[in-house]
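Here the structure is laid out as structure tokens; the discussion comes afterwards.
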Amino acid sequence: DGGITQSPKYLFRKEGQNVTLSCEQNLNHDAMYWYRQDPGQGLRLIYYSQIVNDFQKGDIAEGYSVSREKKESFPLTVTSAQKNPTAFYLCASTRGAVRNQPQHFGDGTRLSIL
Amino acid sequence: SQQGEEDPQALSIQEGENATMNCSYKTSINNLQWYRQNSGRGLVHLILIRSNEREKHSGRLRVTLDTSKKSSSLLITASRAADTASYFCATDGPMDTGRRALTFGSGTRLQVQP
């Protein structure tokens, strides 16, 4: 079955540590997105990528970094500069880099600080 | 920026009743989408309505869009306990920027009592 796989499901970060969240899709989608969701809140856009080797900052990019070396992969690194990283992180993809397509989501990674 | 705002924030109904959720947004759009999120999971796309459409149906779902009031509503008829989830609207605005991503609202948490 085609879909988006996020790993790990739970992740713990120590002070001063960078951690990387994985997002892989086998839907052959062009565009991929990273969102942050805080408890009881909506989704806020961190970064998105419309094509390989290109990405754009979203609304809350500070303290995060991404890469898009392969079409199917869009990893997110939460750096030590992100002082409040505890949240639920969701990855999504769409067919075509357009805004009139449904987004397909993974099941998220929950990040906590040790 | 928070483009979509859902109302109410939380809704509790009995099985068999109808549930209505509202979404207001601030800028011009080409389309509006509704998503569902079960607790601890990713979002699932429900329906997309274009700016030139006023109403759309999908099974027990009915979505309306009033671009003059910048608002949309999602109606779930004959609700079931399995409809318990959070529901989010997402818009593709604002249209006058280079942003190629959706903006999500803060969601309505629906509880359907059996």
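The strands (runs of 3 or more DSSP E) found entirely in the range A:62-114 that carry 2 or more residues being more than 9 Å from every other protein chain (Cβ to nearest Cβ) and closer than 13 Å to A:I4 by Cβ are A:87-94.
One line per residue, one yes/no per condition, for (1) small (G, A, S); (2) surrounded by 15 or more Cβ atoms within 10 Å (Cβ to Cβ):
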{"residue": "A:N53", "(1), (2)": "no, no"}
{"residue": "A:Q56", "(1), (2)": "no, yes"}
{"residue": "A:Y64", "(1), (2)": "no, yes"}
{"residue": "A:S67", "(1), (2)": "yes, yes"}
{"residue": "A:T77", "(1), (2)": "no, no"}
{"residue": "A:S80", "(1), (2)": "yes, no"}
{"residue": "A:K83", "(1), (2)": "no, no"}
{"residue": "A:Y89", "(1), (2)": "no, yes"}
{"residue": "A:T94", "(1), (2)": "no, yes"}
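For B:K26, the conditions (1) in contact with an Asp or Glu (Cβ under 9 Å, 6 or more places away or on another chain); (2) under 27 Å from A:T5 (Cβ atoms); (3) surrounded by fewer than 20 Cβ atoms within 10 Å (Cβ to Cβ) all hold with the exception of (2). Taken over the range B:73-114, the residue count meeting the criterion of being facing chain A (nearest Cβ under 8 Å), within 17 Å of the chain's Cα centre (by Cα) and not in a strand (DSSP E or B) is 6. Among the residues of the range B:32-45, the ones that are open to solvent by less than 50 Å² (accessible area, probe 1.4 Å), in a strand (DSSP E or B) and within 9 Å of another protein chain (Cβ to nearest Cβ) come to 4 in all. Among the residues of the range B:46-72, those that are of a type outside the set (A, V, I, L, M, F, W, C) and buried (at least 18 other Cβ atoms within 10 Å of the Cβ) comprise B:K70, B:S71, B:S72.
The values are calculated or read from the model by the stated rules, or taken from the named source; none is laboratory data. All figures in this text were calculated on a predicted structure; none of them were measured in a lab. In this analysis, Cβ positions are derived from the backbone assuming ideal geometry, glycine residues included, and neighbour counts consider all displayed protein chains. Surface areas here come from the heavy atoms of the whole protein model, side chains and all, with no ligands, DNA or RNA. Shrake-Rupley method; radii C 1.70, N 1.55, O 1.52, S 1.80 Å.
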